[in-house]
Amino acid sequence: FKDEFPDPGTCRNMADAFYTFKDEFPDPDRISSDYEQFEDTQVPIVIDNGAFQCRAGWASESSPRLTFRNLSAKSKGKKDSDTTTVGNDIGNLEAVRWALKTQFDRNVVTHYEAQELVFDYIFSHLGIYTSGHVDHPIVMTEPVCNPNYCRNLMSELLFECYRVPSVAYGIDGLFSLYYNQSQSKNALVINSGFQATHILPVLDGRLQASRAKRLVVRTCLRVCVCVCVCV
């Protein structure tokens, strides 16, 4: 710690010996203007719908276009002039903490009006300007053993509201395993997220859902650790 903290003897006053913490103000996401190159293609849109952070972008690109806190806030104005902001457009979260809303209950999506606001934010900032539909397949993450009822409501929202051609769901920890250790048939995935931690055994390339465990152990940021176990 000697190299990390200033020596009080060299400080002009005691206040200089302490670090100060400042609120983080994210920059608003810009609206992409290059949708023409994707308009006539069937490139999927990948959405990592996490309880803490959401990431979204095109499957043909190596990094997400959007990364933002998965929250929305409704500000009270004059009559019939309420405005709702999402993600990085909120700015100072502390100033509107009382108005923040999430679509998650624990790590399961249950508030689909808030989820619709997030979808609107993603599709508009990706520059999609087609009226009444999003003509791209959706690849989206979901929690382990997501209830069928919740999945059906999510599919209903995407198909009926956005008229997407198809939807594929997957677990983020397994996506990470197959991407980083594609040759491993047997592995133990420790998926530590904002609301819970999941222990996922994979045997012969398939998740053993009956042996998966959910622990109410949270982390400040979502971290996914993949540990390969040879048998």
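The values are calculated or read from the model by the stated rules, or taken from the named source; none is laboratory data. What you see is a predicted model, and the numbers here were worked out from it, not measured in a lab. Quick reminder, even Gly has a Cβ in these numbers, built from the backbone with ideal geometry, and neighbours come from all protein chains shown. Side chains included, ligands, DNA and RNA excluded: accessible areas come from the protein's heavy atoms. Shrake-Rupley method; radii C 1.70, N 1.55, O 1.52, S 1.80 Å.
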*Can you name the number of the only condition in (1) open to solvent by 50 Å² or more (accessible area, probe 1.4 Å); (2) in contact (Cβ under 8 Å) with a residue 24 or more places away in the chain that D204 fails?*
(2)
*asked:* It is to be established whether one or more residues within region 56-64 are in a loop (DSSP other than H, G, I, E, B) and crowded, with 19+ Cβ neighbours inside 10 Å.
replied: no
*Hey, can you tell me all the residues within region 34-55 that are open to solvent by less than 40 Å² (accessible area, probe 1.4 Å) and either touching a helix residue (DSSP H, G or I) at 6+ places or on another chain (Cβ under 6 Å) or in a strand (DSSP E or B) (or both)?*
I45, I47, D48, N49, C54
*Just wondering, is there one or more residues in region 132-149 that are of a type in the set (S, T, N, Q), more than 15 Å from the chain's Cα centre (by Cα), surrounded by fewer than 14 Cβ atoms within 10 Å (Cβ to Cβ) and under 22 Å from T84 (Cβ atoms)?*
no
*Do we have N191 as open to solvent by less than 50 Å² (accessible area, probe 1.4 Å) and not β-branched (V, I, T) here?*
yes
*Neighbours by Cβ (under 6 Å, 6+ apart or cross-chain): first from region 51-67, over 15 Å from I138 (Cα atoms); second among the aromatic types (F, W, Y) and part of a loop (DSSP other than H, G, I, E, B)*: A51/F194; F52/F194
_If M154 meets every condition in (1) within 25 Å of R30 (Cβ to Cβ); (2) outside any loop (DSSP other than H, G, I, E, B); (3) within 18 Å of the chain's Cα centre (by Cα) apart from one, which number is that one?_
(1)
_The conditions are (1) under 29 Å from Q103 (Cα atoms); (2) at pLDDT 90 or above, and E36 fails exactly one of them. Which is it?_
(1)
_All but one of (1) part of a strand (DSSP E or B); (2) at pLDDT 90 or above; (3) surrounded by fewer than 18 Cβ atoms within 10 Å (Cβ to Cβ) hold for R163; state the number of the condition that does not hold._
(1)
_Subset of region 94-130 (residues that are open to solvent by 70 Å² or more (accessible area, probe 1.4 Å) and touching a helix residue (DSSP H, G or I) at 6+ places or on another chain (Cβ under 6 Å))_ = K101
*Given the conditions (1) modelled with pLDDT of 90 or more; (2) assigned to a strand (DSSP E or B), and given that I31 satisfies all but one, which numbered condition is not satisfied?*
(2)
*Does region 106-124 include one or more residues that are in contact (Cβ under 8 Å) with a residue 60 or more places away in the chain and in a strand (DSSP E or B)?*
yes
